[in-house]
1. Report yes if some residue within segment 85-99 is in contact with a helix residue (DSSP H, G or I) (Cβ under 6 Å, 6 or more places away or on another chain), touching a residue at least 40 places away in the same chain (Cβ under 8 Å) and charged (D, E, K, R); otherwise report no.
2. Give segment 29-44 a look and list any residue that's open to solvent by less than 40 Å² (accessible area, probe 1.4 Å) and either under 15 Å from Val96 (Cα atoms) or not in a loop (DSSP other than H, G, I, E, B) (or both), or say none.
3. Pairs under 8 Å by beta carbon, first residue over 16 Å from Thr95 (Cβ atoms) in segment 54-82, partner of a type in the set (Val, Ile, Thr) and surrounded by fewer than 18 Cβ atoms within 10 Å (Cβ to Cβ), six or more apart or different chains?
4. Gly89 fails exactly one of the following numbered conditions: (1) small (Gly, Ala, Ser); (2) within 20 Å of Ile27 (Cβ to Cβ); (3) over 10 Å from the mean Cα position of the chain (by Cα); (4) exposed (fewer than 14 other Cβ atoms within 10 Å of the Cβ). What is the number of that condition?
5. Only one residue in Ile56, Ile14, Ile10 is among the aliphatic types (A, V, I, L, M), under 25 Å from Leu109 (Cβ atoms) and out of contact with any strand residue (DSSP E or B) (no Cβ under 8 Å at 6 or more places or on another chain), so which one is that?
Amino acid sequence: FLEVKRHPDIGADIVQSMRFAPIVSPIVRSHHERWDGRGYPQGLAGERIPLAARIIAVADSWDAMTTDRPYRPALDHAEAVSRLRAGAGSQWDRTVVDVFVDLLAHGELPQPGARQSREVA
């Protein structure tokens, strides 16, 4: 697990040479931080975590929960929402979770297993 925990720093280092690095690198580095400060790699808490990283953390967790994994099948929508709500205020920013769940409820985000068409405008 210690090796797995290195991936935010590795990812941030990979994008460091790109022109968008000043914006993207802190997001990549912070997407596994927790609202309560018990995340990694820096142990940031609350609003010290960049907002975009807090959003990515919720989206990444939703994806992890609602897709099949080698160690368990995908969770259904209701269970995944329940787990997001249970972690709001500790693992994730409560406001981000509330907005994410509201967007799901109003059909503004893809449902688990749904394929999205990609139209070019």
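The values are calculated or read from the model by the stated rules, or taken from the named source; none is laboratory data. Here the structure is a predicted model, which means the values were calculated and not measured. Here the Cβ positions follow ideal geometry from the backbone for every residue, glycine too, while neighbour counts run over all protein chains shown. All accessible areas refer to the heavy atoms of the entire protein, side chains included, with ligands and DNA or RNA removed. Shrake-Rupley method; radii C 1.70, N 1.55, O 1.52, S 1.80 Å.
1. yes
2. Ser30, His31, Glu33
3. Cβ pairs passing all conditions: Ala74/Thr67.
4. Failed condition: (2).
5. Sole residue among the options that is among the aliphatic types (A, V, I, L, M), under 25 Å from Leu109 (Cβ atoms) and out of contact with any strand residue (DSSP E or B) (no Cβ under 8 Å at 6 or more places or on another chain): Ile56.
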